[in-house]
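*Asks:* Submitted below is the structure of interest, expressed as structure tokens.
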Amino acid sequence: MLAKRIIPCLDVKDNRVVKGINFLNLRDAGDPVELGAGYSDQGADELVFLDITATIRSRKTIVELVQRVAENVFIPFTVGGGVQTIEHFDQLLRSGAEKISVNTAAVKNPQLLSEAAKRFGNQCVVLAIDARRSIKINNKWNVCIKAGSEPTDIDVVEWAKKAEQLGAGEILLTSMDADGTKEGYDNELNRAVTDAVNIPVIASGGAGTLEHLYDAIVKGNADAVLMASITHFQNYTIKQMKKYLKERGVPVNL
Amino acid sequence: MIVVIDYDIGNVKSVCNAFRHIGCQVKLSNSIKDIERASGLVLPGVAAYGYAVNALGDTAKVVKENAENGKPLLGICVGFQLLFEESCEHGRHKGLALIAGSVISLPKKKIVPHMGWNLVQFPENMQLFNNFENGRYFYFAHSYYADITDKEAEIAYTDYGFNLAAAVQKKNIFGTQFHPEKSGKQGLKVLGNFARIAERGF
């Protein structure tokens, strides 16, 4: 039976891991390579590195970072932030990334998903969705782009379905409303998307307690849970998370 | 020396890094000279099947000849799938045909891709799993799988709603559908076992 995955997320800015609340108020959380290797040793199932500055200059830095991570980390890792072209995919995969996540570029040019899937296989194409709850309509979410700074009219569930058809192999679903609050994942959002697609969905945004992880998996039907604040600042170890889930009957690689 | 076949596809470096990490001499190359001299060959693969076949090009023949002459060969993920006769990923593509079988798409009853850590059960005599306790987790990420028909092949399985081929051995030819280079300590151990097989010769 496939294990549910625990995935620490490392938001990278100027070669440091940072963490904010609702995408703002960033705090320093350490060295990305050191943190990544540490999580790998502790038994994390996967890692996600997001270049949150995503400028032309940071592109070079992130490639170098990926190379250093790949020399020290022997679990899969996804890299995202500012990926716009097939060449970017190629460069990051060649540097040692297992999967590449795209958000803004896929919204602007959905064909990027199918081109990447055709060349690299859909298992390495991750669609990142930053979702914001609609104020007007109940249980409806809109896609935000450009690191959450630009809202669109695109419906999250519809976009997820379309992306699956185009070739995305996984969805990294972040609730912007819950992100960094430590008040729990948006499981209505998770459930709406997991019900609509047949590719794995990683729940992201809001993890604060062990029960939140369990809820995202059981209530949200997520295949994996992503977290940052609660691991970087040592609230819980990976082992504690897995032990808790295992005791409650969730299959984990422990 | 182990030679990891360098063809124009993603993530060949991770395999080299993993071998280096466990103290093995490894070279990323596609030169005939290096392939001939190697004690073992690794065919990695993060790519779509058709793309990988084209990218491998004439090197395929050299790899196949060396494997048929007894050189240990390890195919990983799409490299594992290339060991079989053909695949239907985005069209029909011929593989190396070192092991009888074909590569077909995963049934959509479960989530596809099969992505994440799954338990692998192996028959006792599979050398990649020397000194392993049975039932270990390895990392998978694929949408197609090998339907193996070769009577001489030993097969390790994982459960994904059916018995899915997780690893194969036919004499000196080895393959893993999972990524040993991304499967933490257990994965490094599999690579170590292959390195030892290559060292002492098959």
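*Asks:* Within region A:1-56, count every residue that is away from chain B (no Cβ under 13 Å), under 25 Å from B:PHE140 (Cα atoms) and either among the polar types (S, T, N, Q) or in contact with a Cys (Cβ under 7 Å, 6 or more places away or on another chain) (or both).
*Replies:* Final tally of qualifying residues: 2.
*Asks:* In region B:107-125, which residue that is surrounded by fewer than 18 Cβ atoms within 10 Å (Cβ to Cβ), within 18 Å of the chain's Cα centre (by Cα) and not in a strand (DSSP E or B) is nearest to the other protein chains (Cβ to nearest Cβ)?
*Replies:* Among residues in region B:107-125 that are surrounded by fewer than 18 Cβ atoms within 10 Å (Cβ to Cβ), within 18 Å of the chain's Cα centre (by Cα) and not in a strand (DSSP E or B), the one nearest to the other protein chains (Cβ to nearest Cβ) is B:PRO123.
*Asks:* Identify, please: which residue in region B:68-88 is part of a loop (DSSP other than H, G, I, E, B) and touching a residue at least 60 places away in the same chain (Cβ under 8 Å) and is, among those, surrounded by the fewest Cβ atoms within 10 Å (Cβ to Cβ)?
*Replies:* Only one residue fits best here, namely B:GLY70.
*Asks:* Also, I was wondering about something else. Look at A:ASP130 and say whether it is at pLDDT 95 or above and not in a loop (DSSP other than H, G, I, E, B).
*Replies:* yes
*Asks:* Here is a further query. Out of the residues in region B:133-155 that are touching a helix residue (DSSP H, G or I) at 6+ places or on another chain (Cβ under 7 Å) and either under 25 Å from B:HIS93 (Cβ atoms) or assigned to a loop (DSSP other than H, G, I, E, B) (or both), which is farthest from the other protein chains (Cβ to nearest Cβ)?
*Replies:* Ranking the candidates gives B:ALA146 first.
Residues checked against (1) in contact with a His (Cβ under 6 Å, 6 or more places away or on another chain); (2) under 26 Å from A:VAL18 (Cα atoms); (3) surrounded by fewer than 20 Cβ atoms within 10 Å (Cβ to Cβ); (4) charged (D, E, K, R):
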residue: A:GLU158; (1), (2), (3), (4): no, no, yes, yes
residue: A:GLY169; (1), (2), (3), (4): no, no, no, no
residue: A:THR194; (1), (2), (3), (4): no, no, no, no
residue: A:GLY206; (1), (2), (3), (4): no, yes, no, no
residue: A:GLU211; (1), (2), (3), (4): no, yes, yes, yes
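*Asks:* Within region A:83-121, take every residue that is small (Gly, Ala, Ser) and surrounded by 22 or more Cβ atoms within 10 Å (Cβ to Cβ) and give me the one that is farthest from the other protein chains (Cβ to nearest Cβ).
*Replies:* Going through the qualifying residues, I end up with A:ALA106.
The values are calculated or read from the model by the stated rules, or taken from the named source; none is laboratory data. Computed from a predicted structure; not experimentally measured. Using ideal geometry, Cβ is built from the backbone for each residue, glycine included, and neighbour counts are taken over all protein chains shown.
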